[in-house]
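Bear in mind these aren't lab numbers, they're just calculated from the coordinates by the rules spelled out. Every value quoted in this text rests on a predicted model; they were computed, and no experiment measured them. Cβ coordinates were reconstructed from backbone atoms using ideal geometry, including for glycine residues, and neighbour counts include every protein chain displayed.
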Amino acid sequence: MMRLARRASLLVTFCLLASAASAAFAEDAWVLWDQSVYAVTGQDPAVLWSQWGSSTTKAGCEELRRKEVKTYEEASKLLPNWSMQGDTIVQMDNGKVVRRTTYHCYPATINPRWEHFASLGHWYLLGPPRTAYDKTAAYLRGFQVLTDRTLSQWELLDAFESRHVCELRRDSLRRIEESSYSKAAASYLQMMREQTETPAVSLQRYMVENYHANIRTYAASRCVSRDDPGLPRGLRAK
């Protein structure tokens, strides 16, 4: 138990669950994924795989990948805690690296998130899906967390060897998101007092909205046995 409690666990920040369910990409041959690796104090790095789009061709997927990397390149010019190391996006906090993100194109038949979790444990942490970001929505309503969706439509967040460890880690991750949200919201409100809407302010608003949605996701999340018949087909025990 202690080994799993210390191992890499899913730390969902910035764009947690920004992807749609796998079924949304069923007709496309290639899917764009990002792999984010987070530093977690006292533990191994946490790994998050998220879907970001799809294409009928590998070339089309690679074009999507370049566009996503370009977005971060622009962000790194506006926000001092973001930088680029080749195609890797690096986020810093107080001089320390807290996140590294890279984008990958995989055939639609491959799901690196599920493969990553397949052998980690018998208990899954599942969270409800969310809508795409709506920048025109009222403050803190940019994402809608769809808690009314059936369990088969929920997102796989992590896997553990026991329900107890799953619940402890879920509560820990929610507190991390609450801390991130508090800091990001304070920075955003300060930026709004000092300047009109700019790309940097818009990006900070996006981050605030996402952290806030992450908190709601963890508040609604559930620890579910791999034997539960309500799980998505690919996650059920064989």
Of Lys67/Lys183; Lys77/Lys135; Lys96/Lys183, which pairs sit farther than 26 Å apart, going by alpha carbon to alpha carbon? Lys67/Lys183
Roughly how many whole Å is it from the C-alpha centroid of the range 41-78 to that of the range 95-131? 13
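Evaluate the relative contact order of the range 2-235 (contact order divided by residue number), counting alpha-carbon pairs under 8 angstrom at least 6 apart; express in whole percent.
Values: 396 pairs, mean separation 50.1, N = 234.
So the answer I get is 21 percent.
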With angles folded into 0 to 90 degrees, how steeply does helix 58-78 sit against the dominant principal axis of the chain? Use alpha carbons for both and round to 10. 50
Label Glu178 and Asp93 with points 7 Å out from Cα along Cα→Cβ: what is the distance between them in nm? 1.5
Leu140 and Thr41 label points (each 7 Å along its Cα→Cβ direction) are spaced in nm at 2.5
